[in-house]
Amino acid sequence: MKKIFLHVLAMLFSLGMLAQEWHPELTEVWEPVPPVVTPGNGAAPPSDAIVLFDGSDMDQWVKPTGEPVGWKLEDGVMTVVKGTGVIQTKQAFGDI
């Protein structure tokens, strides 16, 4: 009986130590501060967007060999020209 009492007393003492006041700011990460992103107005892209095609040029696109694309650009639309093959962005993208 004495051992049970001592075990219960030890557990209560341990719980009392764990129930101390907690300050969440001690574990919050405040740096680095992420940049503020301004949303676009209407059809405009957000301030941090990488615009790959805006209808005016294909500067962000190349063939896998690095050559310029052979596709046609008319009225803000890219159209495949038969035999020109695939294209890809100059900049590499992926997920983590």
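Pro34 falls short on exactly one of the conditions (1) over 29 Å from the mean Cα position of the chain (by Cα); (2) part of a loop (DSSP other than H, G, I, E, B); (3) at pLDDT below 90, and that condition is (1). Only one entry of Val29, Val86 meets the criterion of being surrounded by fewer than 10 Cβ atoms within 10 Å (Cβ to Cβ), in contact with a Lys or Arg (Cβ under 8 Å, 6 or more places away or on another chain) and in a loop (DSSP other than H, G, I, E, B), and that entry is Val86. Residue count for the range 50-68 under the criterion of being loosely packed, with under 11 Cβ neighbours inside 10 Å and aliphatic (A, V, I, L, M): the result is 2.
The values are calculated or read from the model by the stated rules, or taken from the named source; none is laboratory data. Here the structure is a predicted model, which is why all the values come from computation and not from measurement. All Cβ positions, even for glycine, are placed from backbone atoms using ideal geometry, and neighbour counts span all protein chains on display.
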